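**Q** Before I ask anything, here is the structure I am working with.
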Amino acid sequence: MYVDESGDPGNTGHSTDHFILSGLIISQEDWDKHLTKLKTFRKSIKEKYNLNQRTEIHAAELIRPGKIAEYSTIRKTNRINILKDYCTQIPIIFDTAKVINICIKKSDHPGADVFELAWSRLLQRYDTYLKKIVIDKGIVIADDTDSKKLMALNRKMRVYNPIPSHYQGIYNSPIDNIIEDVFSRSSQHSYFVQSVDVIVHSLYRREYPKGSLKKFGIEHQFQKIEPILLKEASKGDALGIVRK
């Protein structure tokens, strides 16, 4: 599972109102197939928009360039079209994949450790998917994050992971199908992490649409990814987005 985040888990005056995690689950058997499709897609982006195949795709920067200098040479309409094209291609490139989404609105969880809340939800859903659907072991590869805190959470959940019972009380359900600690991978060097960046940013734009961008229809791009969403992750949400 490749993971990226939108927003931050802080609670200061400069923090975001949200913290979102998206996880793209792929089978090791299909990894080469997905990579080949990603390379073909990036070649088409090069031919259509003259964006170098080695240049990182970063959704927020496509909308408002800052650190990636090459973006400033591409018209805004075309940069947003790159984002739209990517969302269109994601369920085609990752035709056998699944996506888990955790969307935490901080005001709904006063006093909570938002980082731990969101990551525990994601790891739990991934472990359940591994146990009950694909019957396999899995690893987690994330863009740069608080690796020490995440390692501690992951190791704790391997031993003690309390889950509310459908009847009464709680029961312990260790996440024992996820092997090793979470691996860190810079998005700059991974087409897969860049793909999750597009997914998580598209979800952010859906949940928090910005008026000045509505003319581009960015808030509607996430729905293109619906065919590969793991809707079982939250039966109370039409798209399976975990919010609690």
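**Q** Would you work out what percent of the accessible area of the chain, with all protein chains in place, is carbon or sulfur (probe 1.4 Å)?
**A** The nonpolar share, carbon plus sulfur, comes to 50 percent.
**Q** Please give the calculated 222 nm ellipticity per residue for the chain, where each DSSP H segment of at least 4 residues contributes -39500 (n - 2.57) and the sum is spread over every residue; nearest 500 deg cm²/dmol?
**A** Result for the chain, helices only: -11500 deg cm²/dmol.
**Q** Tell me, what is the FRET efficiency for Asn78 and Ser186 to the nearest 0.05, using R0 = 30 angstrom and their Cβ-Cβ distance as r?
**A** E between Asn78 and Ser186, to the nearest 0.05, is 0.70.
**Q** What order do Lys67, Lys148 take when sorted by accessible area (1.4 Å probe), most exposed first? The partial results should precede the final answer.
**A** Details: Lys67 190, Lys148 160 Å².
Solvent-accessible surface, decreasing: Lys67, Lys148.
**Q** Keeping all protein chains in place and using 1.4 angstrom, which order do Phe19, Phe183 fall into by accessible surface area, from largest down?
**A** These residues rank, largest area first, as Phe183, Phe19.
**Q** Hey, another quick one. Taking a probe of 1.4 angstrom, what is the accessible area of Met1 in Å², to the nearest 10?
**A** Accessible area of Met1: about 10 Å².
**Q** Also: How high is the relative contact order of the chain, in percent, counting Cα pairs under 8 Å that sit 6 or more residues apart?
**A** Contact order relative to length: 27 percent.
**Q** Given +1 on the Cβ of Lys and Arg, -1 on the Cβ of Asp and Glu, and no further charges, what dipole in debye does the chain carry about its Cα centre, rounded to the nearest 20?
**A** 680 debye
**Q** Mean Kyte-Doolittle of at least -0.5 and a Cα length of 15 Å or more along the axis: which whole DSSP H helices of the chain meet both?
**A** Numbers: long enough: 31-49 (26 Å, -1.45); 76-93 (25 Å, -0.10); 114-129 (23 Å, -0.27); 147-159 (19 Å, -0.58); 191-207 (24 Å, 0.06).
Those that clear 15 Å and a mean of -0.5 are 76-93, 114-129, 191-207.
The values are calculated or read from the model by the stated rules, or taken from the named source; none is laboratory data. Not measured: the values here are computed from a predicted model. Cβ coordinates were reconstructed from backbone atoms using ideal geometry, including for glycine residues, and neighbour counts include every protein chain displayed. Each accessible area value is taken on the protein alone, full model and side chains, heavy atoms only, with ligands, DNA and RNA left out. Shrake-Rupley method; radii C 1.70, N 1.55, O 1.52, S 1.80 Å.
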